[in-house]
1. Out of all the residues in region 193-219, which are touching a Pro at 6+ places or on another chain (Cβ under 8 Å) and free of Cβ contacts under 8 Å to residues at least 60 places away in the same chain?
2. Mind counting the residues in region 344-399 that are in a loop (DSSP other than H, G, I, E, B) and either buried (at least 17 other Cβ atoms within 10 Å of the Cβ) or within 24 Å of the chain's Cα centre (by Cα) (or both)?
3. Kindly indicate the residue of region 299-343 that is among the acidic types (Asp, Glu) and surrounded by 15 or more Cβ atoms within 10 Å (Cβ to Cβ) and also farthest from residue 260 (Cα to Cα) among those meeting that condition.
4. Report yes if residue 22 is surrounded by fewer than 23 Cβ atoms within 10 Å (Cβ to Cβ) and either among the charged types (D, E, K, R) or under 30 Å from residue 105 (Cβ atoms) (or both), otherwise no.
5. Scan region 136-148 and report the pairs whose first residue is assigned to a loop (DSSP other than H, G, I, E, B) and whose second residue is not charged (D, E, K, R), with Cβ atoms within less than 7 Å and a gap of 6+ or a chain change.
6. Just the residues that are under 26 Å from residue 254 (Cβ atoms) and more than 20 Å from the chain's Cα centre (by Cα), please, taken from region 39-82.
7. Across region 411-420, what is the total count of residues that are surrounded by fewer than 19 Cβ atoms within 10 Å (Cβ to Cβ) and assigned to a helix (DSSP H, G or I)?
8. When the residues of region 148-159 are filtered to those that are at negative phi and out of contact with any helix residue (DSSP H, G or I) (no Cβ under 8 Å at 6 or more places or on another chain), which remaining residue is surrounded by the fewest Cβ atoms within 10 Å (Cβ to Cβ)?
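The values are calculated or read from the model by the stated rules, or taken from the named source; none is laboratory data. Since the structure is predicted, the reported quantities are computational estimates derived from the model, not experimental observations. Glycine also receives a Cβ, built like all others from the backbone with ideal geometry; neighbour counts cover every protein chain displayed.
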Amino acid sequence: MEKLVIQGGKPLYGEVRISGAKNAALPLIAATLLAPGTHILHNVPDLRDTRTILKLLENLGITWQRRDTTLMIDSTHLTFSEASYDLVKTMRASVLVLGPLLARLGRAKVSLPGGCAIGARPINFHITGFEKLGVTCRLENGYVDAEIEGRMQGNVIYFDIPSVTGTENLLMAAVLAKGKTVIKNAAREPEIGNLIDMLTGMGAEIQGRGTDRLDIYGVDRLSTAECAIIPDRIEAGTYLIAVGATGGEATITGCNPAHLPSLLEKLRATGMEIKETEDTIFVSADRRNGNGQLRSVDIKTMPYPGYPTDLQAQFMALMTLSSGVCVINETIFENRFMHVGELQRMGADIRTNGHTAVITGKGANGLCGAPVMATDLRASSSLVIAGLAASGRTEISRIYHLERGYEQMVEKLSRLGAEVWKEQE
């Protein structure tokens, strides 16, 4: 098993290009199950999670090829409808094959999902939605066993809380259902817009893109797709925060600033300089330019377009280096403060009470390198940020979490001037 080693205390300078979004690539790869033929997806990141879902598709009878960042997926010979525990246990998004399998084959047996240990994240929204469409769902021996005779029937589906994977799964099922399906209180994340673009390109009829109400008019069949994955807004946000934490200056390219409205507002509030173009973000916290200490800023995680939960841990690392006290409220996942103990090992002053964390910043030199352990994907990146800003050496174990969602992070950070490398534990 590998660990990540960082010799911290060096500001990041230069330019870094953002990869395709993991959270968009996974549902788009699953959507290729909806129609036989060869689908082409561009800007697909090569990550542990994308490799996992492609392995899952192989087990269903699908073949694929990769050329650089382009995937060619041939779903002609979809012959199996079961996704086993061995694959699904490592990645929650594996549940996204449920909708396409039901729509195309009328049956699906998928293990209850795993992934990061950040909360229960139950799939009851998915199951309730499928049952609204006429599907019979059984939970047996750790599997969701679902089937329907004939086509699903359109209906009105309401989410008590916006669910990203729930919205995506029900979208993919409803496009081939009979009649009209309405999803109310749907999630609005850009990754869902990317999926809608792909589905409409395949011949689906969907109204309400970007809103919390989606009207889906079922069609008899879909055709193959060619679609590009949007830039990863969470990766872009992570590098923006890393530059700010180290007091550096960089240009983030190949991104979409419109997908990060709340983060950019919060970063400006800390005193960082942010300049946007259509596909770049310039960020400066260069203390040589007289920017001084980072100001403390409160955040509250919310469904999009609110502050993203996937950038909460990274922002907490930034706030440990600020000049004041900030409060972070985590409203999405109940276990998403698992990085707190590791940041405390590096000298951070953080107190938690339920879903609230209070961070007393210690200034730019407030963290010291230490051996720490990653507990989930985004916690991993918060420890990287802390290690980059800290004095001395930081060793991060269990970096397989990091490799689930960040493509070539060591190489990208090295090009920004970081001293970072991998070693065997």
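1. 212 - this is the single residue of region 193-219 that is touching a Pro at 6+ places or on another chain (Cβ under 8 Å) and free of Cβ contacts under 8 Å to residues at least 60 places away in the same chain.
2. Matching residues across region 344-399 total 17.
3. If we take residues in region 299-343 being among the acidic types (Asp, Glu) and surrounded by 15 or more Cβ atoms within 10 Å (Cβ to Cβ), then 342 is farthest from residue 260 (Cα to Cα).
4. Numbers: surrounded by fewer than 23 Cβ atoms within 10 Å (Cβ to Cβ): no; either among the charged types (D, E, K, R) or under 30 Å from residue 105 (Cβ atoms) (or both): yes.
Taking the combined requirement at face value, the residue does not satisfy it.
5. Going by the 7 Å Cβ cut-off, the qualifying pairs are 142/85; 142/111; 142/112; 148/102; 148/106; 148/134; 148/135; 148/136.
6. The answer is 39, 40, 64, 65, 66, 67, 68, 72, 73.
7. 3
8. So the residue we want is 149.
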